[in-house]
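The values are calculated or read from the model by the stated rules, or taken from the named source; none is laboratory data. Because the structure is predicted, anything quoted here is derived from the model rather than measured. Ideal geometry is used to build each Cβ from the backbone, glycine not excepted, and the neighbour counts take in all protein chains shown. These area figures cover heavy atoms from the full protein model, side chains too; ligands, DNA and RNA do not enter into them. Shrake-Rupley method; radii C 1.70, N 1.55, O 1.52, S 1.80 Å.
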Amino acid sequence: MLALAQGFGVTALTTYIVNIVPKSRATVMSFNSSFLYLGLTFGSMIGGFIYPRYGFIGVGICAAIALALAVVLAQQISKKATDEF
């Protein structure tokens, strides 16, 4: 379910990012892809350490914490961006 929701979110995020800085579209998209893969790498690495010790419960708790952190950061960035305009 999370991967399905992420599929919709990535498309919307890509569209949003491209419209923010249309002159640097290629650079912004390359950074976006790089950080996406970096996040997947670190997430897999952390999950690899947690799963043998705590099982799926531990991975689920870490995923929930990461999601909460992402939501808080996104709200702060959005608030800061609207304050600048």
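Below is a table of values for the structure above.
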| item | result |
| --- | --- |
| Any hit, the stretch 38-50, residues being part of a helix (DSSP H, G or I) and in contact (Cβ under 8 Å) with a residue 60 or more places away in the chain | no |
| Test: residue in the stretch 20-29 that is open to solvent by 80 Å² or more (accessible area, probe 1.4 Å) and either touching a Gly at 6+ places or on another chain (Cβ under 8 Å) or of a type in the set (Lys, Arg) (or both) | yes |
| Answer residue from the stretch 34-85, given it is farther than 18 Å from residue 6 by Cβ and of a type in the set (Gly, Ala, Ser) and is most open to solvent (accessible area, probe 1.4 Å) among those | 78 |
